[in-house]
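The values are calculated or read from the model by the stated rules, or taken from the named source; none is laboratory data. Nothing here was measured: the structure is a model prediction, and the numbers come from that model. Because the Cβ atoms are built from the backbone with ideal geometry, glycine has one as well, and the counts that use them run over all protein chains shown.
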Amino acid sequence: MIYFDNNATTPLAKEVKDEMAACFDIFGNPSSLHFEGQKSRQVIEKARRRVADFIGARPEEIVFTGSGTEANNIAVAGYALAEPDGMIITTAIEHSAVLKPVCRMEDQGRTAIKLLPDADGRIVVKDALGAIRSVQKGLVTIMLANNETGVIQPVRELVEAAKAQGLLVHTDAVQAAGKIPLNVDELGVDMLSISAHKFHGPKGIGALYIRGGVKVLPVVLGGSQEHTMRPGTENVLGIAGIGKACELASECCDSRLRDMFEELIIKNVPDSFVNGKNAPRVPNTANIGFKDIDNQALVINLDIEDIAASTGAACSSAKKEASHVLTAMCMSSAEARSSVRFSFSRYNTEEEVVTAVERIRRTVERMRGRLG
């Protein structure tokens, strides 16, 4: 199988697997004071330091969560609990892990502003600044990199204006981690979410950075674990895994394979087009449209050809609707429904790219022939 769906999930790195395996016999409850409990606590705090180093934070600012989705929910819903009258500024192209909590808040009477992107999928800074300057109290939550197009959003450019208004800023960096450098001080954000399985770590573990002094309330109540922000006995194995994955991800990937793939597709597959090509993008993501081709049918046919790709977010790939991200970019429903995401990792090769392009060319040609 040629696996080009690394934005959905990535294979577990051997180094991460080994790190986790070394913890199999460390079973104590990290909250216990005895020796076995403290061995587990040491694993957690070592991983916390690694995650903090990865994003330029302090260890005490890291909260381990069960996923990137949970990290986003804690950030957005936790802010809402702390500031009942605060507004929300977000975008129409966020992952559902942000959009759905925001929609629930709107249903409960909270005001939310959803910014639209330009035709390349990037939020227009001028529009965003206007929205920010119109709000006196609130949270700005904008993803750092889009999960479907890979387009990098202008988070850093918006932080100064947000701070001038006294607003907090959260960024969903789940699709940015391991692909571009992350530093919370350079970004200036107050909160940042990541998920281990997007950069060769295990599933079921994420992390939320909360800058010291930022007021966010827990959305689940229970014990005092993770500074009370995420109660429940910690997932020691998963935490060990995300720590090691962060250490490995310090070396970001380059765009060589993506650029090669896009060039060969455009050259060899007629009526194909790259979505978001004029915007800055993470180096591993190509979102390609194929005129007159149904993207779900293409993904199924490519699976038969031993190529794994996706119509968009894995959480929503079974839905029949056109991508909310691509339609927000003013693409027609037909264009959006013809688009497929290909996403690469450190384990992919040039040989796989060449082989995949030929199989894609052949498959698209066959599907168009049937239509004719």
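Screening ILE93 with (1) crowded, with 22+ Cβ neighbours inside 10 Å; (2) farther than 20 Å from GLU148 by Cα gives one miss only, at (2).
Would you confirm, using the coordinates I've provided, whether ASP25 is free of Cβ contacts under 8 Å to residues at least 24 places away in the same chain and not in a helix (DSSP H, G or I)? The answer is yes for ASP25. Looking across segment 215-240, the residues that are of a type in the set (Val, Ile, Thr), out of contact with any Gly (no Cβ under 7 Å at 6 or more places or on another chain) and buried (at least 17 other Cβ atoms within 10 Å of the Cβ) come down to VAL236, ILE239. Just checking, does segment 103-117 include any residue being under 19 Å from VAL325 (Cβ atoms), at pLDDT 95 or above, basic (Lys, Arg) and part of a strand (DSSP E or B)? Within segment 103-117, one or more residues are under 19 Å from VAL325 (Cβ atoms), at pLDDT 95 or above, basic (Lys, Arg) and part of a strand (DSSP E or B).
Among the conditions (1) surrounded by fewer than 24 Cβ atoms within 10 Å (Cβ to Cβ); (2) on the phi > 0 side of the Ramachandran plot, GLY150 misses just one, which is (1).
Which of the residues spanning segment 170-197 are surrounded by 24 or more Cβ atoms within 10 Å (Cβ to Cβ), over 11 Å from the mean Cα position of the chain (by Cα) and not acidic (Asp, Glu)? HIS170, LEU182, VAL189, MET191, listed by residue number. The strands (runs of 3 or more DSSP E) falling completely within segment 263-372 that include 2 or more residues that are over 20 Å from THR91 (Cα atoms), out of contact with any Phe, Trp or Tyr (no Cβ under 8 Å at 6 or more places or on another chain) and modelled with pLDDT of 95 or more map to 272-274.
Being surrounded by fewer than 19 Cβ atoms within 10 Å (Cβ to Cβ), touching a residue at least 24 places away in the same chain (Cβ under 8 Å) and over 30 Å from THR285 (Cα atoms) is the requirement here; does GLU45 meet it? Spelling it out, it is not the case that GLU45 is surrounded by fewer than 19 Cβ atoms within 10 Å (Cβ to Cβ), touching a residue at least 24 places away in the same chain (Cβ under 8 Å) and over 30 Å from THR285 (Cα atoms). Mind checking which residues of segment 250-262 are outside any helix (DSSP H, G or I), in contact (Cβ under 8 Å) with a residue 60 or more places away in the chain and closer than 15 Å to ASN7 by Cα? If the condition is that a residue be outside any helix (DSSP H, G or I), in contact (Cβ under 8 Å) with a residue 60 or more places away in the chain and closer than 15 Å to ASN7 by Cα, then CYS252, CYS253 are the ones that fit.
Of the residues making up segment 227-249, those that are in contact (Cβ under 8 Å) with a residue 24 or more places away in the chain and in contact with a Ser or Thr (Cβ under 8 Å, 6 or more places away or on another chain) are ARG230, THR233, GLU234, VAL236. None of VAL124, VAL76, VAL102, VAL51 is touching a Cys at 6+ places or on another chain (Cβ under 7 Å) and in the same structural domain as GLY212 (by TED's automatic domain parsing) except VAL51. Restricting the search to strands (runs of 3 or more DSSP E) fully inside segment 137-227 and requiring at least 3 residues that are over 26 Å from VAL325 (Cα atoms) gives an empty result.
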